[in-house]
Amino acid sequence: MTLSDQEKLRYSRHLNLPMFGLEVQEKLKNSKVLVVGTGGLGAPMLQYLTAVGVGTIGVVDFDVVDESNLQRQVLFGSHDIGKSKTSVAIAKLKLQNPFVTFLEFNVKLEASNALAIIEQFDAVADGTDNFPTRYLVNDACVLTGKPNIYASIYRFEGQVSVFNWINNEGLLGPNYRDIFPTPPPPGMVPNCAEGGVLGVLPGIIGSIQASEVIKVLTGIGAPLSGKLFLFDVLDFSTRVLNIKRDPLNPLNGIIPSITELIDYEEFCGLKQLTTIEVLAPQDLHRRILEGEALCLIDVREEEEFHQANIGGKWIPLNEIERRFDEIPKSGTVVLICKSGQRSATAIRRLIDQQGYQNLCNLEGGLIAWKRVISPDLNLF
């Protein structure tokens, strides 16, 4: 498809660029990219990909807007809280550029649907914040032959790379498993909800990610294939690490052992955490009001605990093994963290290493407690 006169006017600053011009702009118009996640990275990335004129943009996310999203997810406002992220994002993006077609996938990306969704697009941009989905997106891109423009953020740091990209010489670049062949132990690396993230950081990294998408779709410049870009916003330091394909990569190494999508929750060690006994916030609240003798253990970091807590003993996750003697093996012991992930990890360690049988996890953590029981709880 060629550009209309109105589109030529809209993209005129592109058309004046050396090595860009009409031909490259028309490549963008005829390209399709899938953005996985509409959060901190997805929000700025979607806005810029829409503005520059990518012809078809798929948006996949199953979440709703939460108030804690608003300091970084710049597509959303206070009046969007509780609404579907994909529907809100697409409605706003359509106003930004009427020449872009949007495909909405208001679903959780899983092994059962990832291949069918991803194969519709020329490239995938991964803006997720959890390891199961990162491995899922990576593997699905390799199996379908799609480039994967990857980024991640944590606290004050971000990273960007381009995976599974074939260069002009026909050489295939590395993928996510070449850098991270196995995921870290569950709870070792907190997500943004638990570890926090500076609000401007995803805007910076998401914009870089969008620029890599443009390079991949159009063929201009040199994408970050075979390189991992690292950025620290506090001291404004950057590094670029060279990465190579691993001959032992189970997806596309010498002897591939993964030929189809797998159970990524199990692969990342999260499946076992779902078997832990949980206690809903309303049930814990009721039992506290009834005066039941419960032992509460908060496994968050010290500054988190002092900022806001619901009582109990503070034993951070990284001290749980050496302080197990402070946790009774009789009565009901409820472990608590912000989202329920770190406390579940603590429970698994105590069960496996010390044989505890009286532990349960506050379901959804203090985020759920704040939503259901105590809206004024000052979480950060």
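Between GLU23 and ASN113, the simple spin-label model (points 7 angstrom out along Cα→Cβ) gives 4.0 nm.
For the range 15-115, report the % of Cα-Cα distances exceeding 17 Å. In whole percent, the long-distance tail amounts to 53.
So for the range 274-372: antiparallel DSSP bridges make up what percent, rounded to the nearest 5? That works out to approximately 0 percent antiparallel. Using the Cβ-Cβ distance between LEU289 and SER87 with R0 set to 56 Å, the FRET efficiency from 1/(1 + (r/R0)^6) comes to roughly 0.90.
What 222 nm value per residue comes from the helices of the chain, counting each DSSP H run with n ≥ 4 as -39,500 (n - 2.57) and dividing by all residues, nearest 500 deg cm²/dmol?
-9500 deg cm²/dmol
Once both labels are positioned 7 Å from their Cα atoms along Cα-to-Cβ, the gap between GLN353 and GLU260 label points is 3.8 nm. Taking other Cβ atoms within 10 Å as a rough exposure proxy, LEU3, LEU366 sort from fewest to most as LEU3, LEU366. Using 0.36 nm per residue and subtracting the Cα-Cα separation, the extra length available between ILE204 and SER78 on full extension is 43.1 nm.
Quick note on the range 274-372: its Rg to Rh ratio, both from C-alpha atoms and Rh being the Kirkwood radius, is 0.92. Among GLU104, GLU169, GLU23, a tally of other beta-carbon atoms within 10 Å of each Cβ gives an order, fewest to most, of GLU169, GLU23, GLU104.
Of all DSSP beta bridges located in the chain, what percent are antiparallel, nearest 5?
Details: 19 of 50 bridges.
Rounded to the nearest five, the antiparallel share is 40 percent.
On a 0 to 90 degree scale, rounded to 10, what angle separates helix 42-52 from the longest Cα axis of the chain? Result, in degrees: 10.
Local charge sum around GLN357 (other residues, Cβ-Cβ under 11 Å, Lys/Arg +1, Asp/Glu -1)?
Details: positive: LYS329; negative: GLU277.
Neighbour charge sum, excluding GLN357 itself: 0.
Between GLU169 and ASP63, the contour length at 0.36 nm per residue exceeds the Cα-Cα span by 34.1 nm.
Subtracting the Cα-Cα distance from 0.36 nm times the residue separation, let me have the gained length for ALA222 to PHE156 in nm, one decimal. Can you show the working numbers first?
Numbers: separation 66, 0.36 × 66 = 23.76 nm, distance 2.62 nm.
My answer for the length gained is 21.1 nm.
With only alpha-carbon pairs counted, each pair once and no self-pairs, how large is the Kirkwood hydrodynamic radius of the range 98-148 in angstroms? Please report the intermediate quantities before stating the final value.
On the way: mean 1/r = 0.0862 Å⁻¹.
Evaluated over the range 98-148, this radius sits at 11.6 Å.
Rank LEU230, GLY82, GLY55 by how far each Cα sits towards the positive end of the charge dipole of the chain (+1 on Lys, Arg Cβ; -1 on Asp, Glu Cβ) and give me just the farthest. Of the options given, the answer is GLY55. If you take all other residues with their beta carbon under 10 Å from the beta carbon of LEU377, and give Lys and Arg +1 and Asp and Glu -1, the sum is +1. Over the chain, the reciprocal of the mean inverse Cα-Cα separation, the Kirkwood hydrodynamic radius, stands at 22.5 Å. Axis angle, to the nearest 10 degrees, between helix 131-144 and the longest C-alpha principal axis of the chain: 30 degrees.
We did not get these values from a lab; they are worked out from the coordinates using the rules stated. From a predicted model like this one, the values you see are computed outputs, not experimental measurements. Methodologically, a virtual Cβ is constructed for each residue, glycine included, from the backbone with ideal geometry; neighbour enumeration extends over all protein chains shown.
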